[in-house]
Amino acid sequence: MKRKIADKTILVTGASSGIGRELTQQLARLGARLLVTARRGELLDSLVCEVRQAHPDHDIQFLAGDITDADFRTSLMDHVQKHWGRLDGLVNNAGVGALGRFADSTPATLRQVMEVNFFAPVELIRLALPLLQLGQQPIIVNMGSVLGHRAVPLKSEYCASKFALHGLSDSLRAELAPLGIDLTMISPSTTDSDFFDHAIQDTTQKKWKSARASPVKRVATATIRAMTKGSHDVILTLGGKSLVLLDRLAPTLADHAMQRWAQ
Ligand SMILES: NC(=O)c1ccc[n+]([C@@H]2O[C@H](COP(=O)([O-])OP(=O)(O)OC[C@H]3O[C@@H](n4cnc5c(N)ncnc54)[C@H](OP(=O)(O)O)[C@@H]3O)[C@@H](O)[C@H]2O)c1
């Protein structure tokens, strides 16, 4: 099914920066009606202004809040219900990282990473299902990671959260297909955003930003392509695909490589 973006009603989480901000701008250019969210309201406000400057009277609104707060998630859905009465797209993009050895980390860090990267998107899906069922060519987009396909050291909590999202996405995709709801999982490699600066914990001395990071524009464009095509699971880079292939074909070799990298 070829999905058109124009006039679709879409909720984007994590829209204040990075991939989510760029994705919002690209979706707006294609004529999507948008509700965007994140905690930093001033950045959402400036995003909405930018979109309206380029496309006056564009249907774009924002609600600022913490996606891990159940009441806030409910208020997002109430807003969608009131303004559109249906939802055509739910983009679960908000996410956080935690960097360092598991032995140096805390139960609170693990809980927070799982709250943002797993429980929040999953509970948002649960709340959104009735509105998605009323939607036109409805789709859920879960922003995963290559690290949800092959785990690496020093990001154990993050990898666990993205593996959990990956597993749930595969299961739900099959359940939702008879209802006409698509589910796309996007798995970027390292991307040129402020993601590493926003990590809730970094106990390493490493420089995490990579010169080879994918531009957010490329990730956003690929996400929209996947939405249009209704793709199931898209690993975005050749490096990411190679890592996943190595893990499937020679898992012991992949483990050895990871062990060396962890030193
Ligand atoms: N950058 C990478 O290398 C990379 C690679 C693979 C996958 N990803 C995934 O891509 C997604 C977007 O990340 P990014 O690279 O664009 O990084 P980013 O610029 O740090 O964006 C993260 C977004 O999530 C929002 N967010 C975080 N915690 C939140 C909370 N408790 N409540 C509401 N919103 C929250 C942030 O907004 P506020 O701070 O304003 O709340 C921000 O808009 C994430 O799911 C990430 O795991 C990133």
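The values are calculated or read from the model by the stated rules, or taken from the named source; none is laboratory data. Please read all numbers here as calculations on a predicted model, not as lab measurements. All Cβ positions, glycine included, derive from the backbone under ideal geometry; neighbour counts span all protein chains shown. Remember, those area values only see protein heavy atoms, side chains included, never the ligands or the DNA or RNA. Shrake-Rupley method; radii C 1.70, N 1.55, O 1.52, S 1.80 Å.
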Seminar exercise, completed: Going through the range 119-147 in order, the residues found to be out of contact with any Ser or Thr (no Cβ under 6 Å at 6 or more places or on another chain) and within 16 Å of the ligand (Cβ to nearest atom) are Phe119, Pro121, Val122, Glu123, Leu124, Ile125, Leu127, Ala128, Ile140, Met143, Leu147
Exercise. Is there a residue in the range 97-118 that is touching a residue at least 12 places away in the same chain (Cβ under 8 Å), touching a strand residue (DSSP E or B) at 6+ places or on another chain (Cβ under 7 Å), surrounded by 14 or more Cβ atoms within 10 Å (Cβ to Cβ) and under 23 Å from Met227 (Cβ atoms)?
Worked result: no
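Out of all the residues in the range 235-263, which are small (Gly, Ala, Ser), surrounded by 11 or more Cβ atoms within 10 Å (Cβ to Cβ) and out of contact with any strand residue (DSSP E or B) (no Cβ under 7 Å at 6 or more places or on another chain)?
Taking the range 235-263 and keeping what is small (Gly, Ala, Ser), we get 239-240, 242, 250, 254, 257, 262.
Keeping just the survivors that are surrounded by 11 or more Cβ atoms within 10 Å (Cβ to Cβ) gives 239-240, 242, 250, 254, 257.
Matches in the range 235-263: Gly239, Ser242, Ala250, Ala254, Ala257.
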For this session: Identify the residue in the range 175-213 that is without any contact (Cβ under 8 Å) to a residue 12 or more places away in the chain and over 20 Å from the mean Cα position of the chain (by Cα) and, among all such residues, is least open to solvent (accessible area, probe 1.4 Å).
Result: Ala177
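Of Ala160, Ala151, which residue is more than 21 Å from Gly20 (Cβ to Cβ), touching a Cys at 6+ places or on another chain (Cβ under 9 Å), within 16 Å of the ligand (Cβ to nearest atom) and open to solvent by 10 Å² or more (accessible area, probe 1.4 Å)?
Details: Ala160 fails: touching a Cys at 6+ places or on another chain (Cβ under 9 Å).
Only one candidate passes the filter, namely Ala151.
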Exercise. How about the range 51-69: which of its residues are assigned to a helix (DSSP H, G or I) and touching a helix residue (DSSP H, G or I) at 6+ places or on another chain (Cβ under 7 Å)?
Worked result: Val51
